[in-house]
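Let me begin by presenting the structure, written as structure tokens, before commenting on it.
The values are calculated or read from the model by the stated rules, or taken from the named source; none is laboratory data. This is a predicted model, so every value here is computed, not measured. Every residue, glycine among them, receives a Cβ derived from its backbone with ideal geometry; neighbour counts consider all protein chains shown.
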Amino acid sequence: MPAVERPVATGGPMRKGRKHLWRGGHDPEQVKRALTVKLTADPPELPPGQKVEFTLEFTNSGAGHKLPTGDPDRFFTVDFEIVDQNGIVLEDQSHTMGRWILWQPVILEVWDNRLKPLQSRNFRFKYRMPQLGGMEGPLTLRTLVTYHIQTDAQNQMLRDKWGLTGNDPYSFPVFEREIPLTGPFPEVVQGEYRVDHDALVAAYQPGCHENDQQG
């Protein structure tokens, strides 16, 4: 809540206060503040001809509720891509995290793999590095985490059936990196803990780290 100085009522004296912006899932920076992402490789030396396991650790580090939350249509996607020097995708893998609801004939929660406060989940992607002098040339790992307020089909339904006319974005990236696979792989971290760690761990025990997600 940013500080402001303004009259409480029209014509009143100037007073110091706070502006309540009601930021939430429609604000990219607010969503980024709720999560911590760490990207690593094992082994980080990326030895030619051997399989390397890339791990994206996704932690709900800044929200006092599940991620994502609000409308059950909201979800995250985690995407890995290996691209060659010409930008051609050689291999890719995608994961989804959210809540799935069956609305008809009865309302039923089919699946929920959202993260509780301070829970983490590892998304893993394995790729065999080419031999030295391989035809692929220099490779790059692209990693993208996207927050979706709704799907393309849902947005189109709102336009066709209910006359939605706004063009506000309904998905946006919250983490994206392109890392050349030409040397030791650097550990990448985005975010930090922003909640009362001890209190939330006590509230959500047992276990704050969930099973890995692999392709």
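Name the single residue that is modelled with the lowest pLDDT among those in the range 101-153 being charged (D, E, K, R) and part of a loop (DSSP other than H, G, I, E, B).
Let us first name the residues in the range 101-153 that are charged (D, E, K, R), namely 109, 112, 114, 116, 121, 124, 126, 128, 136, 142, 152.
From the residues that got through so far, the ones that are part of a loop (DSSP other than H, G, I, E, B) too are 114, 116, 136.
Numbers: ARG114: 94, LYS116: 93, GLU136: 67.
My answer is GLU136.
When restricted to residues that are in contact with a Lys or Arg (Cβ under 9 Å, 6 or more places away or on another chain) and exposed (fewer than 13 other Cβ atoms within 10 Å of the Cβ), the range 144-175 contains 1.
Going by the conditions given, is PRO48 touching a residue at least 60 places away in the same chain (Cβ under 8 Å), over 20 Å from GLN190 (Cβ atoms) and surrounded by fewer than 17 Cβ atoms within 10 Å (Cβ to Cβ)?
Against the criterion (touching a residue at least 60 places away in the same chain (Cβ under 8 Å), over 20 Å from GLN190 (Cβ atoms) and surrounded by fewer than 17 Cβ atoms within 10 Å (Cβ to Cβ)), PRO48 qualifies.
Do we have PRO43 as more than 35 Å from the chain's Cα centre (by Cα) and either more than 20 Å from PHE58 (Cβ to Cβ) or of a type in the set (Gly, Ala, Ser) (or both) here? When the stated conditions are applied, PRO43 does not pass them. If THR96 satisfies all but one of (1) in contact with a Gly (Cβ under 7 Å, 6 or more places away or on another chain); (2) free of Cβ contacts under 8 Å to residues at least 40 places away in the same chain; (3) of a type outside the set (Gly, Ala, Ser), what's the number of the condition it fails? With respect to (1) in contact with a Gly (Cβ under 7 Å, 6 or more places away or on another chain); (2) free of Cβ contacts under 8 Å to residues at least 40 places away in the same chain; (3) of a type outside the set (Gly, Ala, Ser), THR96 is out only on (1). The residue of the range 99-120 that is surrounded by the fewest Cβ atoms within 10 Å (Cβ to Cβ), among those that are free of Cβ contacts under 8 Å to residues at least 24 places away in the same chain and in contact with a Leu (Cβ under 6 Å, 6 or more places away or on another chain), is VAL110.
Within the option set THR55, THR59, being touching a Lys or Arg at 6+ places or on another chain (Cβ under 7 Å), within 18 Å of VAL174 (Cα to Cα), touching a residue at least 40 places away in the same chain (Cβ under 8 Å) and polar (S, T, N, Q) holds for one residue only, THR55.
Only one of the numbered conditions (1) farther than 17 Å from SER120 by Cα; (2) in contact (Cβ under 8 Å) with a residue 40 or more places away in the chain; (3) touching an Asp or Glu at 6+ places or on another chain (Cβ under 7 Å) is not met by GLY25, and that is (3). If we keep just the residues of the range 82-136 that are touching a Pro at 6+ places or on another chain (Cβ under 7 Å) and polar (S, T, N, Q), which is nearest to PHE58 (Cα to Cα)? Only one residue fits best here, namely GLN85.
Looking for whichever is surrounded by 17 or more Cβ atoms within 10 Å (Cβ to Cβ), assigned to a loop (DSSP other than H, G, I, E, B) and either at pLDDT below 85 or of a type in the set (D, E, K, R) (or both) here; the options are GLY25, GLY62. Which one fits?
Working: GLY62 fails: either at pLDDT below 85 or of a type in the set (D, E, K, R) (or both).
Just a single option satisfies the conditions, and that option is GLY25.
Evaluating GLY11 against the criteria (1) at pLDDT 95 or above; (2) loosely packed, with under 10 Cβ neighbours inside 10 Å leaves one unmet condition, (1).
Does ASP84 satisfy being more than 27 Å from ARG33 (Cα to Cα), surrounded by 12 or more Cβ atoms within 10 Å (Cβ to Cβ) and among the charged types (D, E, K, R)? Quick ask: steps written out before the conclusion?
Values: more than 27 Å from ARG33 (Cα to Cα): yes; surrounded by 12 or more Cβ atoms within 10 Å (Cβ to Cβ): yes; among the charged types (D, E, K, R): yes.
Yes.
For the range 33-59, residues that are at pLDDT 95 or above and of a type in the set (Gly, Ala, Ser) total 1.
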